[in-house]
Structures are given as C-alpha cells and as structure tokens.
1. Which entry is the computed Cα Rg over 2.2 N^0.38 Å for this structure: (1) 1.15; (2) 1.93; (3) 1.24?
2. Quick one: compute the contact order of the chain, relative version, from alpha carbon pairs under 8 angstrom and 6+ residues apart, as a percent.
3. Under a point spin-label approximation (7 Å from Cα along Cα-to-Cβ), what is the residue 50-residue 77 distance to one decimal in nm?
4. Can you give me the distance in nm between label points at residue 87 and residue 9, each placed 7 Å from the Cα along the Cα-to-Cβ direction?
5. What distance in nm lies between label points placed 7 Å from Cα along the C-beta direction at residue 42 and residue 28?
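Bear in mind that the values in this text are calculations on the coordinates, not laboratory data. Quick caveat: nothing in here was measured; it's all calculated off a predicted structure. Positions of Cβ are backbone-derived with ideal geometry, glycine not excepted, and every protein chain shown enters the neighbour counts.
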C-alpha cells in the first residue's frame, strides 16, 4: 500500500472530502478510493473541518531519519584517520 500523500494531491483529497460532506459520495466508497481505513478517514475529515484552508495530506518529517549522532560520527572519523595513518606507515 502506497502512502496517501504519494497517490493523491491535497486538492484531490479536498475535493473528495467536500463531496462526502455534501452527501454525494458514501464513506465506504471514498475509503475504497483512497485505500484507507475508517479511523484514518475520520481523522482526515476532522482535520478538514477544523481548517479547510490549510488542509494538507503532505507528510513533513520532523527529524532526519538517516542522521547519526554527531558524537558517533566524530568517533568514526577519528578511527578512519587512525587507520589511514597506520596504512601510510
């Protein structure tokens, strides 16, 4: 299952939720289109109702997932320098 923000734009999801709220589309059908469970669907509708102008499904990572601790990186570089010095000798 591909993540929602990779399959649909904010505008597309907004339009679908608007149609749901107007009663044009049933919840179960919309869940099937979006390929999400009821809990996620209800969270999206709640988020849309709270602030439809800034509604977004885009995922913003708060912290880099591939970063290592600076202390560990420093130690790795230190060890690599030591090996480099040994190989040069």
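1. Label of the calculated value: (2).
2. After rounding, I find 32 percent.
3. 4.1 nm
4. Taking the simple label geometry, residue 87 and residue 9 are separated by 5.0 nm.
5. 1.7 nm
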